[in-house]
Amino acid sequence: MSSERATEAVTVAVIVVAAGSGSRLGHELPKALAPLAGRTILQRSLDSIFGMASAAQVIVVAGDGWLDAASVPGTTVVVGGATRQLSVAAGLAALDDGIATVLVHDAARALTPSSLFDEVAAAVSTTGAGVVPALAVVDTIKRVDGEQVTGTVDRSELVAVQTPQGFPRAELTDAYRAATEDHTDDAALYAAAGHKVSVVAGDPLAFKITTPWDLARAEALLRRESSAQYSAGTRTGLGIDVHAWDASLPLWLGGLHWPGEPGLAGHSDGDAVCHAICDALLSAARLGDMGSNFGTDDPQYANASGQLFLDATLALVREAGFDVLNVAVQVVAQRPKVAPRRVEMEARLMEIVGAPVSVSATTSDGLGFTGRGEGLSAMATALLASTSPKQPRR
């Protein structure tokens, strides 16, 4: 949380009702504490609340005996009552003095977008009335007597109400004190006290998790979202570099000098490991390859070190809006023996790249040009993460 947000005056509170047993969900834990894609339903609900544009006091109303399990940093946890209405009343008793607007939210509506909380809170502040999010009823609604259909209900006058439901604090607390019967939701109790309730557009994601099917639906939506974010936010690339041996040159490999070993022929220092990493990075960022970015006909790259190419490549990759998450490189050659200096090479490359780098080596079992001792090959993969909406240059 930024220091600005931490010090702003908090005038909105969200009471999260999480005291229900959730018997229809068929889980051994209270519904709010049941797992949902690796976290609890309650934690998923709180993620949306913590994503609100402005800071809010967050009060979680949990079942007796489950306060520790429901405790999340940044929240106040209180014991709920035998009914939902009594649980909300317990949450109202824990409001801070400066709170002017109260949102009441069912923890079971775990995927409710943060924007819906913001919209409801803003509408309460603007209108001074109660506000509920609602969706139009799209199915035809029939009136029945037992199994007999007796008529069709005009659905144009119907909406399906969701949470969070928002209210001015003073009117809501007065309505709760005056309540003499149990109501199905806070809007009904508020209206029964003579106050107006208006509607804002709800969101399909604010559906309530009640049955195992609902839970499976929520998990599927979260998996789809996670997959989409991963696909859009990360890139992988592959790079391969090959150089022939030249005994008249020193050997530079992985940013290290290898005394006593023949060097690798090339326009630069021939560091095949660094070059393969460069190509992998450029490939992942869709920036072409080393040839298109650092041509062999450019005299400034004559005898240039592998680090120079890596530094220049990393600058291009970051300019295109990516960070390096990981690099892996494998050397294929009869010589030199990489194992004794593998840790040193990894440390040197991580220093340059600024991300984890793993190095491995193998021979080609006497086959091909590497097996015949004619040269060395290096293959690298890179994983990048998008850091901005910049478009890679072509």
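The values are calculated or read from the model by the stated rules, or taken from the named source; none is laboratory data. Here the structure is a predicted model, which is why all the values come from computation and not from measurement. We place every Cβ from the backbone using ideal geometry, glycine too, and count neighbours over all the protein chains shown.
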| residue 9 of a type outside the set (S, T, N, Q), closer than 25 Å to residue 125 by Cβ and either in the same structural domain as residue 122 (by TED's automatic domain parsing) or surrounded by fewer than 16 Cβ atoms within 10 Å (Cβ to Cβ) (or both) | yes
| Out of the residues in segment 54-85 that are outside any helix (DSSP H, G or I) and polar (S, T, N, Q), which is farthest from residue 116 (Cα to Cα)? | 83
| said: Residues to consider are 82, 62, 53, 37; find the one that is at pLDDT below 95, under 15 Å from residue 19 (Cβ atoms) and of a type in the set (A, V, I, L, M). | reply: 82
| query | Looking only at strands (runs of 3 or more DSSP E) that fall completely inside segment 106-153, which ones have 1 or more residues that are of a type in the set (Lys, Arg) and more than 20 Å from residue 44 (Cα to Cα)? | reply | 141-145
| field | Output for segment 12-58, where each listed residue is of a type outside the set (A, V, I, L, M, F, W, C) and buried (at least 20 other Cβ atoms within 10 Å of the Cβ) | value | 20, 22, 30, 31, 40, 44, 45, 48
| request: Report, ordered by the first and then the second residue, all pairs with beta carbons closer than 8 Å, sequence separation of six or more or different chains, a first member in segment 346-360 that is assigned by TED's automatic domain parsing to the domain that holds residue 379, and a second member that is at pLDDT 90 or above and of a type in the set (Ser, Thr, Tyr). | output: 346/358
| task | Find the residue count for segment 359-372, including only residues that are more than 26 Å from residue 343 (Cβ to Cβ) and either surrounded by 12 or more Cβ atoms within 10 Å (Cβ to Cβ) or not charged (D, E, K, R) (or both). | result | 5
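Quick one: which residue in 39, 44 is touching a residue at least 60 places away in the same chain (Cβ under 8 Å), assigned by TED's automatic domain parsing to the domain that holds residue 128 and of a type in the set (Lys, Arg)?
So the residue among 39, 44 that is touching a residue at least 60 places away in the same chain (Cβ under 8 Å), assigned by TED's automatic domain parsing to the domain that holds residue 128 and of a type in the set (Lys, Arg) is 44.
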